[in-house]
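Presented below is the structure to which this report refers.
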Amino acid sequence: NLRDAYKSTGRMLVLLGQGMTLPPELAGDALMLDEPLPDDAAIGRIVADLAASVGMDLPAATQEQAVQALAGLPAFQAEQATAESFITVENSSGEQVTTLDVPSLWDRKKRQIEQTPGLTVFRGTDRFDSIGGCEAAKQFIGRTLAGRYKPRAIVWVDEIEKALAGAKGDTSGVSQDQLATLLGYIEDHGHLGMILNGPPGTAKSALAKAAGCEAGIPTVRLDLGGLKGSLVGQSEQQLRAALKVITAVSSDKAFWIATSNSVANMDTAMLRRLPDVFYCDLPDKQEREAIWTIWRRRYDLLADESHVDVNDEGWVGANIRKACEKAWQLDCTLVEASRYVVPVGKTAAGEIAKLRQQAEGVFLSASYPGPYVQNRNLTTASVGRRISQS
């Protein structure tokens with residue numbers, strides 16, 4: 001309604017916002033100007049200029065680390081975070097010198113990313129050696145992280161089948177828009193991705209979280225449910241804003257890891273975008289032994305070897321963790337603690353049978369090279385030999 005009135009008097013209406021999408025009847029009457037987040041070169045200039053302003057001779061390696069730590073922040077926030085991270089330390093000669101505290105930059109960056117709705121940064125330190133089993137999936141992720149693509153960030157979508165479950169029946173159109181936006185974004189930006197599929201407690205989320213620590217890059221969780229707002233258009237705007245941050249944080253080289261309890265009803269287009277699907281089955285005896293060792297060490301229970309008397313058939317890593325946690329909490333043996341554990345293999349027996357049937361020869365095995373095969377009798381030792389030879 002203001003268009004013609006403002007035009008006749010030489011006035012202009014300026015709208016400021018994040019991820020704005022104008023309706024079709026207004027889009028043709030407005031000039032859209034988009035300010036992208038700064039790239040590595042722009043951030044490098046910000047860091048170099050600030051270092052010069054405090055008289056600091058910034059080493060090239062430190063500047064590169066700072067650029068990686070600041071990627072994904074708007075220019076003003078990157079400048080502010082850098083200015084607040086210069087510290088004075090004493091060198092080997094006893095002189096007071098100014099240096100840039102890179103870990104502080106990472107902390108500030110994580111807090112800034114988490115101000116974006118739907119995004120959180122994993123702050124744990126666990127790596128792949130903290131996870132028992134899933135050797136084939138570990139190797140695939142490790143080779144991807146060290147390969148020619150060299151991702152700069154992990155994007156983790158937990159239980160993706162539930163997050164996108166409403167895409168077919170959501171009358172509001174929000175879930176459909178989320179699905180379409182994600183499909184287009186991953187395709188257009190050429191990002192790599194995989195799906196970890198399997199029953200609960202089989203280390204799927206643990207693998208996704210540990211991947212970033214393994215490569216020294218951030219693991220950013222994208223919560224699609226947390227992006228949904230009550231106002232018309234809010235959900236769509238927040239998803240697009242989150243994807244802009246992901247683009248900047250990863251320097252447009254993200255590796256997507258989605259976890260799922262079942263991909264039976266997942267959109268086939270999403271399966272094409274994340275084509276490497278690994279099935280995480282219940283751990284076999286040798287894998288369970290490795291998991292017992294990890295959690296017994298974590299809870300200082302290595303002296304208690306009574307776990308060998310526990311019938312852990314049908315147990316997953318989460319069950320073993322609970323047994324060790326209970327033994328520590330109750331100051332009892334692992335055999336006693338096991339009485340408080342109901343194996344996932346029993347509570348979800350029907351679901352697991354269906355998942356195994358779906359995965360048979362179709363999905364890759366997370367434990368050994370090649371497609372998943374039910375009832376495969378393969379020891380951990382032979383798995384390790386085959387993987388190392390591949």
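Looking only at region 178-200, which residues are part of a helix (DSSP H, G or I) and open to solvent by 40 Å² or more (accessible area, probe 1.4 Å)?
Across region 178-200, the qualifying residues are A180, E187, D188, H189.
Output the residue which, of all residues in region 16-36 that are open to solvent by 70 Å² or more (accessible area, probe 1.4 Å) and in a helix (DSSP H, G or I), is nearest to L227 (Cα to Cα).
The qualifying residue nearest to L227 (Cα to Cα) is P24.
Anything in region 309-332 that is open to solvent by less than 60 Å² (accessible area, probe 1.4 Å) and part of a loop (DSSP other than H, G, I, E, B)? List them, or say none.
The answer is V310, D312, G314, W315, V316, C332.
Are there any pairs, at least 6 apart or on different chains, whose C-beta atoms fall under 6 Å, with the first in region 127-152 and of a type outside the set (F, W, Y) and the second open to solvent by 60 Å² or more (accessible area, probe 1.4 Å), and if so, which?
Correct list of pairs: R127/E214; P151/K253; R152/K253.
When you go through G44, G133 one by one, which is the residue that is in contact with a Lys or Arg (Cβ under 9 Å, 6 or more places away or on another chain), surrounded by 14 or more Cβ atoms within 10 Å (Cβ to Cβ) and not basic (K, R)?
Matching residue, one of G44, G133: G133.
Which residue is least open to solvent (accessible area, probe 1.4 Å), if the candidates are limited to region 272-308 and must be farther than 15 Å from I131 by Cβ and of a type in the set (F, W, Y)?
Y279
Does any residue of region 249-271 turn out to be farther than 25 Å from M20 by Cβ, open to solvent by 40 Å² or more (accessible area, probe 1.4 Å) and assigned to a strand (DSSP E or B)?
no
Does any residue of region 51-74 turn out to be under 16 Å from A248 (Cβ atoms), open to solvent by 40 Å² or more (accessible area, probe 1.4 Å) and either part of a loop (DSSP other than H, G, I, E, B) or among the polar types (S, T, N, Q) (or both)?
Checking region 51-74: at least one residue is under 16 Å from A248 (Cβ atoms), open to solvent by 40 Å² or more (accessible area, probe 1.4 Å) and either part of a loop (DSSP other than H, G, I, E, B) or among the polar types (S, T, N, Q) (or both).
If I ask for residues that are part of a loop (DSSP other than H, G, I, E, B) and either within 28 Å of K138 (Cβ to Cβ) or open to solvent by 50 Å² or more (accessible area, probe 1.4 Å) (or both), which ones from region 102-117 would you list?
E114, Q115, P117
The values are calculated or read from the model by the stated rules, or taken from the named source; none is laboratory data. Just so you know, these numbers come straight off a predicted model, no measurement behind them. Positions of Cβ are backbone-derived with ideal geometry, glycine not excepted, and every protein chain shown enters the neighbour counts. For the accessible areas, the whole protein counts, side chains as well, though only heavy atoms, and no ligand, DNA or RNA atoms are used. Shrake-Rupley method; radii C 1.70, N 1.55, O 1.52, S 1.80 Å.
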